[in-house]
Every structure is written in C-alpha cells, then in structure tokens.
1. Considering segment 70-110 alone, what residues qualify as being more than 19 Å from Trp36 (Cα to Cα) and open to solvent by 30 Å² or more (accessible area, probe 1.4 Å)?
2. Looking at segment 83-101, is at least one residue of a type outside the set (Val, Ile, Thr) and in contact with a helix residue (DSSP H, G or I) (Cβ under 9 Å, 6 or more places away or on another chain)?
Amino acid sequence: AAAFGGLLLAAPWPVQHTGPDVELRGIAVRDEAHAWASGAKGTVLRTKDGTSWEALRIPGGDDLDFRDVEGVSAEVAYLMAAGPGNASRIYKTVDGGANWSLQIQNTDPAGFYDCFAFWTPTTGLTMAGSVAGRLPVLRISAQHGFGVEFQTRYSLPLSRQGCVKARLDLGAQRR
C-alpha cells in the first residue's frame, strides 16, 4: 500500500482463474483460505487454500442457475438454484461438497427463489419473487441438530396501492 495526497492506496486484488467460463453469481468467503462460489450452468466452486478452485458437481444440477451460496463453515454450505417452478431449489453439503442433499424444491409453478441469507449456521431466510402480489419468504431452521427443516412459508404483506408508483415518480423528479 502507498500513500498519495493523504489517501491510502492498496495494491489491486489479484486475479484468480476459477476454471469454467460461466457467469458466477454467488460467493461466500469464510476466511482467507475457504470460499464457495456458484453460478450458471450448474457451476459450484470451492477453494480450500484461497488460490486454487475446485469444481463441484451437484447430481441433476447441470442445467441449474445457482445464484446464491452460503458457506456456513469450511465443510458445510447451502446452495440455492433460481428458476421458475421446481427449478428453484436449495441443496446442502456437510462434507465440503463431496455430496449434496436436496433440502427443498419449489412446488409453486409461479414461484421463483431469488436469494437467501443465514444469520447463524442453521437459521436463515429465502426470498422469492412476487407471487399474486406478495413476496413469499421461506424460513430455514435446524431442529434437534438433524439436517434442516424448512418451516412455515409466509409472505410479506401486500404493498399499498400507489406505493411503488410514488417511489418511481420521486425518482423521476430527481433527474
């Protein structure tokens, strides 16, 4: 790092080649050595040394769009596929990606998982695209230490008529 005019300039980040030539959409960094990445065409990657990447395979997942990954430890990760209907899925590994188990698969033909986040290694939320004017939320929690139980599917309330339009109009006035 160098100082210039009172600003601290850091060295640029090193470029890492992950292997597949696909769009990566999700990344979960655990520490300097461990990270997970996910993307289009069933792409799932893992690094155990912070420099080289290993391609992982999800059985039946070659055509899925893995948009989000949560690496809750060096060995445990959740992987979310986004897509219409049953293409939206969540998988879990407990052995560093050697094996993956399907945790849930969307059954609503209009449903579409968008993203998910965990605030502990066993508790999180999955947000889905709007269905019938509502934003479905799927609560994820472990019970008794056995796998993951996907509990109560609930939705955020309907937006009030005109709320979105008012926000859009305000944005237009600022231009």
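The values are calculated or read from the model by the stated rules, or taken from the named source; none is laboratory data. If you're wondering where the values come from, they're calculated on a predicted model, not measured in any experiment. Cβ sites come from the backbone with ideal geometry, for glycine too, and all protein chains shown count toward neighbours. The accessibility values were calculated without ligands, DNA or RNA, using every heavy atom of the protein model including side chains. Shrake-Rupley method; radii C 1.70, N 1.55, O 1.52, S 1.80 Å.
1. Once the filter is applied, which keeps residues that are more than 19 Å from Trp36 (Cα to Cα) and open to solvent by 30 Å² or more (accessible area, probe 1.4 Å), segment 70-110 yields Pro84, Asn86, Ile104, Gln105, Thr107, Asp108, Pro109, Ala110.
2. Let us first name the residues in segment 83-101 that are of a type outside the set (Val, Ile, Thr), namely 83-89, 91-92, 95-101.
From the residues that got through so far, the ones that are in contact with a helix residue (DSSP H, G or I) (Cβ under 9 Å, 6 or more places away or on another chain) too are none.
No, that holds for no residue.
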